[in-house]
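Input: a single structure, listed below in structure tokens.
The values are calculated or read from the model by the stated rules, or taken from the named source; none is laboratory data. Because the structure is predicted, anything quoted here is derived from the model rather than measured. Note that each Cβ is placed from the backbone with ideal geometry, even for glycine, and that neighbours are counted across all protein chains shown. Calculation scope for accessible area: heavy atoms of the full protein, side chains included, ligands and nucleic acids excluded. Shrake-Rupley method; radii C 1.70, N 1.55, O 1.52, S 1.80 Å.
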2 protein chains.
Amino acid sequence: MGGSNEAGWRCHGNLWSNLREICDLLHIQAPVACQDDEVLFQHVRFKAGQRVHTIGQTFDTLYLVNSGFLKTVLIDEYGNEQVLSFPMKGDLLGIDGIHSQHHASEAVALSDCDIILIPYKVFAALGRSHAELEHAMFSVLSRELVREQIMIGMLSALSAEAKVARFLTNLGERFSMLGYSGKSFNLRMTRHEIGSYLGLTLETVSRTLSAFNEMGLIQVDQREITLLDTNALKTLRRLPPAKARAKVTDKVQALVGKKLMPQWSGDAVAA
Amino acid sequence: MGGSNEAGWRCHGNLWSNLREICDLLHIQAPVACQDDEVLFQHVRFKAGQRVHTIGQTFDTLYLVNSGFLKTVLIDEYGNEQVLSFPMKGDLLGIDGIHSQHHASEAVALSDCDIILIPYKVFAALGRSHAELEHAMFSVLSRELVREQIMIGMLSALSAEAKVARFLTNLGERFSMLGYSGKSFNLRMTRHEIGSYLGLTLETVSRTLSAFNEMGLIQVDQREITLLDTNALKTLRRLPPAKARAKVTDKVQALVGKKLMPQWSGDAVAA
DNA sequence: CGAATGATTGAGTGAAATCAAGCCGAGTGG
DNA sequence: CCACTCGGCTTGATTTCACTCAATCATTCG
């Protein structure tokens, strides 16, 4: 809040995409009988900090990210933000508005973004005319649903270290799928936003990143991250729910976890 | 596991529903031009403990709950269950299978259930022929998505007491929408399942219910629950993230919360 | 350059987990 | 029938992980 750009301000871009480009972005195969100029979809640019849609806003269009990084948030009764996701290229925004015709969440640009507008009516009509497209559309919604289910499982079952570790590896995987480096990347969000997303405080996020850095699992410098031992990060699940453990891998995990606890004697601090 | 009925066993029922009945159950208006006998959907009965679908199973049909109570779960790498939802009458199961053509979660009957089978192909075809229906179908998926988003917000921001309180009031609301009593009902799930759903241990769930009972907010006897002060339960949000509070209601909340902490001197224990 | 925002780190606390014991009700079998 | 088990629930004692509060840096920006 308090930024110079308040919600809803849209700078009109001048690019347009056809259906084929939309399908490519969404990773679904375009219908065979697809005339390239059948329909065109407008691009709109958002500056960092601008909102693509706000809570309560009337829903009538879906948003497909063509470039840039965003966050989607819920606002609770005290005005606190709850981060739900960090969409990037190829992600579809605004789905939550279909049900009640009003957006249930808010999408904020974390960097300058190029967003493609897909009017819901056009979206729906395309499904009716192309059977393959309709399935693909249901598929996209279903994928979102599964993603959120996994998120729920992660939130309620994993330790703080495991949450941060998975967050980093997931981010890496998404970057590499987009053609960027999956090992070395730049966080577009603050520690506070990461914490909100993972159900942790910013201090815990910061401490955990520092600990991973100490352990040589990653290299951190502010928002610059390099994953050094992706495997260890992926297998570092949870420490708490020991209960009936026997497997070898588990014992290794426990050890890796324990190493976090002892005070990391400050040797490389304060240059 | 270890029950006499393993997954997949289906006792064929002999009931069938038409499209109008399906739409009623889903709370969507049936298409005006809807011939009642256009398509028929088969009912199938499941006994308590049976699985409607299992993880990894090939997806080809959606399941609509006509009666009974279920849980949907994710299984993690250690074989631990993570409860995702407690579906009941009117809820649609299996959506998560659309994306990958395989179910990502498992649905288990907590009581005897009557389930309506909706072949996905039929479902999709209906959307293409009836425009209103297509929107309604997207709407159902969107509603699921919003529900999960709210779940995520709840998991990462609320205290244990607030989670349990909301769980109870939500359950009450769902029961009253189905025409049952929203004040007095029977939990169909164990403390362990509630805990898994809320990201808590069964002990914490049990303690919290006992505390609410002590405070006169509810009345508990094993799985028999009576909500005595629904309002207090609904407004009992969170205690921890104090940070910048000033409002009157907040102070009241804090007090209500604090009363939980002092040891409840056992007076009514052990008859 | 200060002001502001974000990040790091420390010290102490507290909410919920863990470990552990006992109770209750249902089902089983001698 | 009663002894026995077994799963679910309750409650207590203790531990611990992550939060809170607080101070200090780093970086950006007006």
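Scanning the stretch A:176-195 for residues that are open to solvent by less than 30 Å² (accessible area, probe 1.4 Å), away from DNA strand C (no atom under 11 Å from the Cβ) and closer than 22 Å to A:R237 by Cβ turns up just one, A:G182.
Taking A:L239 as the residue in question, decide whether it is within 14 Å of DNA strand C (Cβ to nearest atom), within 13 Å of chain B (Cβ to nearest Cβ), open to solvent by 30 Å² or more (accessible area, probe 1.4 Å) and at pLDDT 95 or above. Answer is no for this residue. Of all residues in the stretch A:132-144, those being without any contact (Cβ under 8 Å) to a residue 60 or more places away in the chain and surrounded by fewer than 20 Cβ atoms within 10 Å (Cβ to Cβ) number 2. If you go through the stretch A:150-173 one residue at a time, do you hit one that is open to solvent by less than 10 Å² (accessible area, probe 1.4 Å) and within 11 Å of DNA strand D (Cβ to nearest atom)? Checked against the condition, which is being open to solvent by less than 10 Å² (accessible area, probe 1.4 Å) and within 11 Å of DNA strand D (Cβ to nearest atom), the stretch A:150-173 yields at least one hit.
Checking each residue in the stretch B:177-193 for being out of contact with any strand residue (DSSP E or B) (no Cβ under 8 Å at 6 or more places or on another chain) and near DNA strand D (Cβ under 8 Å from one of its atoms) picks out B:T190, B:R191, B:H192.
Checking the condition of a type outside the set (K, R), part of a helix (DSSP H, G or I) and away from DNA strand C (no atom under 15 Å from the Cβ), which residue from B:S206, B:S210, B:S156, B:S139 passes?
Matching residue, one of B:S206, B:S210, B:S156, B:S139: B:S139.
Could you tell me whether any residue of the stretch A:96-119 is over 25 Å from A:R20 (Cα atoms), at the interface with chain B (Cβ under 9 Å from one of its Cβ atoms) and of a type in the set (A, V, I, L, M)? Yes: one or more hits. Taking the conditions (1) more than 16 Å from DNA strand D (Cβ to nearest atom); (2) modelled with pLDDT under 95 in turn, B:D221 satisfies each one other than (1). Can you list residue pairs whose Cβ atoms sit under 9 Å apart, with the first residue in the stretch A:207-226 being more than 16 Å from A:G195 (Cβ to Cβ) and within 14 Å of chain B (Cβ to nearest Cβ) and the second being within 10 Å of DNA strand C (Cβ to nearest atom) and of a type in the set (D, E, K, R)? Count only pairs 6 or more apart in sequence or on different chains. If the second residue must be within 10 Å of DNA strand C (Cβ to nearest atom) and of a type in the set (D, E, K, R), no pairs are left.
All conditions but one from (1) in contact with an Asp or Glu (Cβ under 9 Å, 6 or more places away or on another chain); (2) within 26 Å of A:I55 (Cα to Cα) apply to B:S156; the one that does not is (1).
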